[in-house]
Amino acid sequence: MEVKHRTVRYLITNLSSVSEQTRVEALRELRLMTKLDANARPLIAEAGAIPYLVDTLYSLSHVAQDDAAATLLNLSISSRAALMSTRGLLDALSHVLRHHASSSSPTAVQSSAATLHSLLIEDEYRPIIGSKRDIIYSLIDVIKQSRSAVRSVKDALKALFGISLYPLNRKTVVDLGGVGPLFSLVLKGSATGIIEDATAVIAQVAGCEESEEAFRKASGTGVLMDLLDVGTGSSLRVKENAVAALLNLVRCGRERVEREVREMGLLVVEGIADVAENGRPNGKSKAVALLRVLYGGSNGCVVRDERFDYLLNH
C-alpha cells in the first residue's frame, strides 16, 4: 500500500510539471489506475488530484481533456463527495458540455455527462446540479444537435434523467426548451436504447404543471399514445415510461388534459394493459392507475371486459 501511496503522490506532483509530456503521461497513468484499481481511487482523490483534473478540462488538448474527464468519471464511482466539494468542478463540466459542438473532445463530452449522472445518484446533489441552468441547457443542446455522437446523447439523457428526479428541476428543463428535443428523439425512430432513455426523462418532466403547454406544442400526448399502440412494437420499458408520463400529465395538468388522455387512451388500452400485466412492479401500479383514469376511476363506469375488471380490482 505504501508503494501505491508513493506512486500516486509522484503522479499528482507531475500534474503540475512545466513539461507538457510529463503532465500527459501522469494523466494517462492516473486514468488507467482509476479504471483498473478501485482501491486507488480514494487515494488519488485524497491526495489532491481533483483540482488538477478540473483545471485540465479547460485544456485545448483533446488528449489531456479526454484523460482528465475519464479520470474524474472513474473517481465519481467512489469519491462523489470529494468531487462535489472541489471548487469549480461543475463549472468545468459545464464548459466541456457547452462546447460539445466546437472545441471539446467528443469523448470528454461523454465522460462529463456520465460524471454528472454518477453524481446525481446522490439525492442531495440533485438540487445543487439542477440549479446550474447552464448545465441543463448544454445537456439539452447535446441531445438536440444531429451531429452529436450516439454515446453523447445517451449520457446526456441519463444526466437529464437524474436532474429530473428532483421535482423542482423539472420546470427548468421545460423552461429551457427540453421537451421538444426529447420528443424529437422519439419521433426520429432512434435506437431502442435512446428511445427508452428519452421517454424516461419525458416521464419525469411530465410531473410538473409547466409541462402541460410544452407537451401540447410537441403533440406529446399523441406521441405517447402511439408508443402504447401494440402495432408500433415498442419495448416494455418504453411503454412503462409512456404510461408514467401520461399519468404524471393527468396528475399535474388541468381537467382538459385528463379528458384528452381519457379519450385517446381508450384507443390504446391494450398497450396499457400489457404494462399492467407484464411490467415491473412500479410500472404495473402506474398502468392500473392510468386504467382507472380511463374508465372514470374506481367508482366510474362498469368495465365489461373481465380482464380489465380483474386488473382494476387486483
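Summary table
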{"read-out": "Lone qualifier among Ser138, Ser148 - being of a type in the set (Gly, Ala, Ser) and either part of a helix (DSSP H, G or I) or open to solvent by 40 Å² or more (accessible area, probe 1.4 Å) (or both)", "value": "Ser138"}
{"read-out": "Complete set of residues in the stretch 215-226 that are more than 14 Å from Glu258 (Cα to Cα) and either modelled with pLDDT under 95 or open to solvent by 20 Å² or more (accessible area, probe 1.4 Å) (or both)", "value": "Lys217, Ala218, Ser219, Asp226"}
{"read-out": "Criterion (open to solvent by 50 Å² or more (accessible area, probe 1.4 Å), in a helix (DSSP H, G or I), farther than 22 Å from Cys252 by Cβ and free of Cβ contacts under 8 Å to residues at least 60 places away in the same chain) met by exactly one of Lys154, Lys158, Lys171", "value": "Lys158"}
{"read-out": "Options Glu270, Glu255; residue that is over 25 Å from the mean Cα position of the chain (by Cα), more than 21 Å from Ile195 (Cβ to Cβ), among the charged types (D, E, K, R) and at pLDDT below 95", "value": "Glu255"}
{"read-out": "Candidate set: the stretch 74-111, residues that are polar (S, T, N, Q) and in a helix (DSSP H, G or I); chosen: the one most open to solvent (accessible area, probe 1.4 Å)", "value": "Thr107"}
{"read-out": "Yes/no for Ala114 being open to solvent by 10 Å² or more (accessible area, probe 1.4 Å), within 19 Å of Leu89 (Cα to Cα), modelled with pLDDT of 95 or more and in contact with a Leu (Cβ under 6 Å, 6 or more places away or on another chain)", "value": "yes"}
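The values are calculated or read from the model by the stated rules, or taken from the named source; none is laboratory data. All values reported here derive from a predicted model rather than from experimental measurement. No Cβ is skipped: glycine too gets one built from the backbone with ideal geometry, and neighbour counts run over all protein chains shown. Accessible surface is based on the protein model in full, side chains and every heavy atom, while ligands, DNA and RNA are left aside. Shrake-Rupley method; radii C 1.70, N 1.55, O 1.52, S 1.80 Å.
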